[in-house]
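Participant: Okay, handing you the structure first.
The values are calculated or read from the model by the stated rules, or taken from the named source; none is laboratory data. Owing to the predicted nature of the structure, the values given are computational and were not obtained by experimental measurement. All Cβ positions, glycine included, derive from the backbone under ideal geometry; neighbour counts span all protein chains shown.
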Amino acid sequence: MAEKSTIARPYAEAVFQLADANGQLKEWSAMLQTVALIATDAGMQGIIGNTSVNKTQLAQLVIDVAGDVLTDSGRNLIKLLAENRRLNVIAEITVQFEILKAEAEKTVEAEMVCAQKVSAKQQSMIAAKLKARLGREVSLKCTVDESLMGGAIIKAGDMVIDGSVSGQLNKLSVELAG
């Protein structure tokens with residue numbers, strides 16, 4: 001069977017083009033995230049994976065659970081995915097849509113894992129430096145992991161900056177062993 005990301009890509013691109021053309025990126029993001037949550041529910045996965053379930057009834061079930069979150073276009077997407085037995089890739093469609101949306105909006109979500117709590121002022125400074133480096137608006141999420149001993153690890157897209165003490169010690173260990 002083809003990779004889920006390969007199957008999801010044309011759907012994500014089509015939905016993105018439709019949403020972008022109609023100025024509805026935010027609305028489609030909300031719809032896709034809601035349907036992805038529904039489709040990844042353990043009980044729902046069993047129904048989606050059951051090929052003896054009628055495609056029309058399956059689509060209607062997902063539409064009914066999503067409720068008013070879906071527009072007519074959103075309902076049509078669910079019907080299309082159900083008809084093609086592709087509701088199992090909706091989470092991947094959502095991920096790929098969000099990547100396309102972030103590209104279009106010139107935004108990036110960055111994650112900073114620190115050894116200790118970072119002040120709001122420090123977070124703002126780091127977000128500003130990342131914005132300058134990446135040329136995008138940065139949404140910074142911070143978490144604490146005391147096992148780092150000191151410093152931080154920052155991940156933004158494909159970029160990883162490991163400024164943690166434990167990371168530096170690991171690097172030194174590798175260099176000394178080499």
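Participant: What residue, of Ile48, Ile78, Ile93, is closer than 30 Å to Ile154 by Cα, touching a Leu at 6+ places or on another chain (Cβ under 8 Å) and either of a type outside the set (A, V, I, L, M) or crowded, with 19+ Cβ neighbours inside 10 Å (or both)?
Facilitator: After applying the criteria, what remains is Ile93.
Participant: Given the structure, is Ala115 modelled with pLDDT under 95, in contact with an Asp or Glu (Cβ under 8 Å, 6 or more places away or on another chain) and assigned by TED's automatic domain parsing to the domain that holds Ile154?
Facilitator: yes
Participant: Of the numbered conditions (1) without any contact (Cβ under 8 Å) to a residue 40 or more places away in the chain; (2) surrounded by 13 or more Cβ atoms within 10 Å (Cβ to Cβ); (3) assigned to a helix (DSSP H, G or I), Leu140 fails exactly one; give the number of that condition.
Facilitator: Among (1) without any contact (Cβ under 8 Å) to a residue 40 or more places away in the chain; (2) surrounded by 13 or more Cβ atoms within 10 Å (Cβ to Cβ); (3) assigned to a helix (DSSP H, G or I), the lone unmet condition for Leu140 is (3).
Participant: Might you let me know whether segment 99-111 holds any residue that is buried (at least 17 other Cβ atoms within 10 Å of the Cβ), modelled with pLDDT of 90 or more and among the acidic types (Asp, Glu)?
Facilitator: No; the residues of segment 99-111 include none that is buried (at least 17 other Cβ atoms within 10 Å of the Cβ), modelled with pLDDT of 90 or more and among the acidic types (Asp, Glu).
Participant: Quick one: how many residues across segment 112-137 are of a type outside the set (A, V, I, L, M, F, W, C) and surrounded by 13 or more Cβ atoms within 10 Å (Cβ to Cβ)?
Facilitator: Residues in segment 112-137 being of a type outside the set (A, V, I, L, M, F, W, C) and surrounded by 13 or more Cβ atoms within 10 Å (Cβ to Cβ): 5 in total.
Participant: Residues Leu148, Leu176: which one is over 30 Å from Ala21 (Cβ atoms), free of Cβ contacts under 8 Å to residues at least 40 places away in the same chain and surrounded by fewer than 14 Cβ atoms within 10 Å (Cβ to Cβ)?
Facilitator: Being over 30 Å from Ala21 (Cβ atoms), free of Cβ contacts under 8 Å to residues at least 40 places away in the same chain and surrounded by fewer than 14 Cβ atoms within 10 Å (Cβ to Cβ) holds for just one of Leu148, Leu176, which is Leu176.
Participant: Also, I was wondering about something else. When the residues of segment 27-68 are narrowed to those that are within 23 Å of Glu98 (Cα to Cα) and acidic (Asp, Glu), which ends up farthest from the chain's Cα centre (by Cα)?
Facilitator: Asp68
Participant: Here is a further query. Being among the hydrophobic types (A, V, I, L, M, F, W, C) and within 16 Å of Thr107 (Cβ to Cβ) is the filter here; which residues of segment 129-153 pass it? Explain how you work it out, then say what you get.
Facilitator: As a first pass, look at segment 129-153 and keep what is among the hydrophobic types (A, V, I, L, M, F, W, C): 130, 132, 134, 138, 140, 142, 144, 148-149, 152-153.
Of everything in segment 129-153, those that are among the hydrophobic types (A, V, I, L, M, F, W, C) and within 16 Å of Thr107 (Cβ to Cβ) turn out to be Leu130, Ala132, Leu134, Val138, Leu140.
Participant: Okay, next question. Out of all the residues in segment 51-70, which are touching a helix residue (DSSP H, G or I) at 6+ places or on another chain (Cβ under 8 Å), β-branched (Val, Ile, Thr) and either part of a helix (DSSP H, G or I) or loosely packed, with under 14 Cβ neighbours inside 10 Å (or both)?
Facilitator: The answer is Thr56, Val62, Ile63, Val65, Val69.
Per-residue answers, yes or no, for (1) of a type in the set (S, T, N, Q); (2) assigned by TED's automatic domain parsing to the domain that holds Ala19; (3) at pLDDT below 95:
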{"residue": "Leu37", "(1), (2), (3)": "no, yes, no"}
{"residue": "Val53", "(1), (2), (3)": "no, yes, yes"}
{"residue": "Asp72", "(1), (2), (3)": "no, yes, no"}
{"residue": "Asn76", "(1), (2), (3)": "yes, yes, no"}
{"residue": "Ala82", "(1), (2), (3)": "no, yes, no"}
{"residue": "Asn88", "(1), (2), (3)": "yes, yes, yes"}
{"residue": "Glu92", "(1), (2), (3)": "no, yes, no"}
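Participant: Kindly provide the set of residues from segment 153-178 that are small (Gly, Ala, Ser) and in a loop (DSSP other than H, G, I, E, B), ordered by number. Walk me through how you get there before you give the answer.
Facilitator: Within segment 153-178, the first condition is being small (Gly, Ala, Ser), and the residues that meet it are 156-157, 163-164, 166-167, 173, 177-178.
Gly157, Gly163, Ser164, Gly178 - these are the residues of segment 153-178 that are small (Gly, Ala, Ser) and in a loop (DSSP other than H, G, I, E, B).
Participant: If I filter segment 41-48 for residues that are modelled with pLDDT under 95 and within 30 Å of Val144 (Cα to Cα), do I get at least one hit?
Facilitator: Looking through segment 41-48, at least one residue is modelled with pLDDT under 95 and within 30 Å of Val144 (Cα to Cα).
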